[in-house]
1. So how far, in whole Å, is the C-alpha centre of segment A:211-237 from the one of segment B:139-194?
2. For A:His13, B:His90, give the ranking by accessible area with the largest first, probe 1.4 Å.
3. What's the average, rounded to a whole number, of partner chain beta-carbon atoms within 10 Å of each residue's beta-carbon in A:234-247?
4. What is the percent carbon and sulfur in the accessible area of chain A, measuring with a 1.4 Å probe over the protein chains and ignoring ligands?
5. How large is the charge dipole for the protein assembly as shown, taken about the Cα centre, if only the Cβ atoms of Lys, Arg (+1) and Asp, Glu (-1) carry charge, to the nearest 20 debye?
6. Sorted from shortest, what are the nm distances separating the label point of B:Ser145 from equivalent points in the other copies, each placed 7 Å from Cα along Cα to C-beta?
7. Give me the compactness ratio for segment A:313-359, meaning the Cα radius of gyration over 2.2 N^0.38 Å.
8. For segment A:13-22, just list the computed ³J(HN,Hα) in residue order, Karplus coefficients 6.51, -1.76 and 1.60, θ = phi - 60°, integers in Hz, with x standing in for Gly and Pro.
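The values are calculated or read from the model by the stated rules, or taken from the named source; none is laboratory data. Source: prediction; values computed, not measured. Heads up, the Cβs are rebuilt from the backbone with ideal geometry, glycines too, and the neighbour counts pull from every protein chain shown. Heavy atoms of the whole protein, side chains included, go into the accessibility calculation; ligands, DNA and RNA do not. Shrake-Rupley method; radii C 1.70, N 1.55, O 1.52, S 1.80 Å.
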Number of protein chains: 2
Amino acid sequence: MSAPKRKPTKKIHIGSVEIGGDAPVSIQTMTTTRTRDARATVDQTLALATSGADIVRITVNDDEAADGLALILWVLSSSERGVPVIADIHFRPDLALRAIEYGVQGLRLNPGNIKDTKKIREIAREAKDRGIPIRVGANAGSLHSQFMEKHGGPTPQALVDSAMWEVALLEDEGFTDIKISVKHSNAWQMIESYRLLSQTTDYPLHLGVTEAGTTFSGGMKSAVGIGTLLAEGIGDTIRVSLAADPLEEVKAGKAILQSLGLRREGADVVACPTCGRVEGDVITMANRVEEALALMKTPIQVAVMGCLVNGPGEAREADVGIALTKHGGTLFRKGQRIREVTADDMVEALLEEAHRIAEGVEEERKRLPVVPA
Amino acid sequence: MSAPKRKPTKKIHIGSVEIGGDAPVSIQTMTTTRTRDARATVDQTLALATSGADIVRITVNDDEAADGLALILWVLSSSERGVPVIADIHFRPDLALRAIEYGVQGLRLNPGNIKDTKKIREIAREAKDRGIPIRVGANAGSLHSQFMEKHGGPTPQALVDSAMWEVALLEDEGFTDIKISVKHSNAWQMIESYRLLSQTTDYPLHLGVTEAGTTFSGGMKSAVGIGTLLAEGIGDTIRVSLAADPLEEVKAGKAILQSLGLRREGADVVACPTCGRVEGDVITMANRVEEALALMKTPIQVAVMGCLVNGPGEAREADVGIALTKHGGTLFRKGQRIREVTADDMVEALLEEAHRIAEGVEEERKRLPVVPA
């Protein structure tokens, strides 16, 4: 199955995670714990990594948060499940310098609210010495007044000019370990901004719709904004910003990448949209199956179809599926019937078959000859 | 606020709803009741229309369903809230002819499963006499074997070839009141198929990801697929196919159009993605506000922000918003503080302000001079 061709960009490294160039599009999210509470923040960070986050951003908004970060980085560095951390810095350059000192893997800086360009240059020098990338960029909501006034509002050109001004500040110090964002809460404005940014620069781009909203409507906005850009080959790392548990952000990010073939991981549940022909409760069943397979890593497609008329045929791409009948369901693999199951056993039978196939896929992979790169 | 420029297509009419040309992108959905149960189907159809569906499709899968359709169309034609109906026909050409006779506003035909081309021509003649448009098109899951074999699978070219073969069948009868779909359950394949179709034809296009899945992950897939195409100017009417209550399909469709500025209707709730700085429960509050404003028609933006530091400034585009504080919240309009509210009164105060603004917007609209077109 193909996927969008991506525009080549400069490659950078956040710890062990590559961003840009030929690297896969990575998923970022942000902790919501108080950073000073190192234990809670480490717990959340590891949970996010387990659920599929490639990089976790942590706010460092005061001295206690910086103290917490020191602890967090130390614990994560000794965890097998460690994940690279980016420190989110606003207003206070000293906190950026502390985060660098503690060994953070990346920085998110807003030069617009740090203001003192001498301090920004100092951070760039320190980050360069340690090989730590910096994300700069503009948010429509906090755009510098000079760019707002020149363009009469947070237009795509205003966002791009602002971001590239920040890039120039870092480049003046010989710092080029950069990624860029131009976020807007309106998906269409965000798309236009990144399209323009992508024409302007070859630095890797961090995509996001800012302040998107609740899980469902914010997820939809983000899918439109981020999805459109990725489908056009634009974007190297993504963050879905939701007013929700950050686990939902990771789930949404995975859904976006999976839908475009940019991440082949986990179960993809297809389900027929229930019509007047349906023999049973497709909705409940599809949701139960999706939930039960949420943590599966192997890429398999599982179908839940409402009737036998077209079910198995329409879902013939599915590795395994069930078509509901008057008395239960018919299990099928790749469009071929396997056996009948009763209504009570359906979900379990389908899940069992899914796990069996997933194991088979893993066995298959192990048998593949190892080809030197 | 701008929106994507759309590719001009031929305009058709489903009852009073225009599709294609300069018409706004319309939202479709499909009933899940048994069509033979006319009462339940009318109830669901009207509920869908009230929630924002522009066109409702109803399956006509057997004789009893056709009997039901006759009743349904008769009741809807006498309802003030009436909405155009499309009959969904598979396998049986006689049911298409009955639907036309009963005054349906549109047909969805699958010539691939009707097979008898004489019958297809007869339907085209009858539909032409009554001015009833027909949607044809291919679904990856039920693609004709001749196109599958030629292209080695349901590739974008196979889907487009199949759809254009169906179009040619109708055109041979002088029938051009057509819209087309090429659906796939994989968003990326679907995007590539419609991109190709849009280059091939000027008929209006009906967009959808087929068998997308559950509300959340199916909604995300659909937002990526449909959203990307709309952002590229492709698509005239949309349907989000979910294994869920069709009201969720309408909600998802509205979210997609709203995010691209293609539909200016209803409240848009923006919310900050909660970080370590948040003073209170943004998540619960944003969800409560969104739910309470779900049926508002006036386009206003409402913000729920977690702190006073950047809240009002970052949400200055919002018509009204609240920034949480240690003791409750600060209400603001367009970035300007109005007053402090206690935690207990916050949601109500915000909603009251939102309704007041919505009324003001409506008053404003009424005062606008009526300009002849």
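1. About 28 Å separates the Cα centre of segment A:211-237 from the one of segment B:139-194.
2. A:His13, B:His90
3. So the per-residue partner count for this stretch is 3.
4. In chain A, the share of accessible area belonging to carbon and sulfur is 50 percent.
5. Dipole of the protein assembly as shown, to the nearest 20 debye: 1380 debye.
6. Here the equivalent label points are 7.3 nm apart from this one.
7. Against the empirical 2.2 N^0.38 Å value, I get 1.05 for segment A:313-359.
8. Once rounded to whole Hz, the list reads 10, 9, x, 8, 9, 7, 10, x, x, 9.
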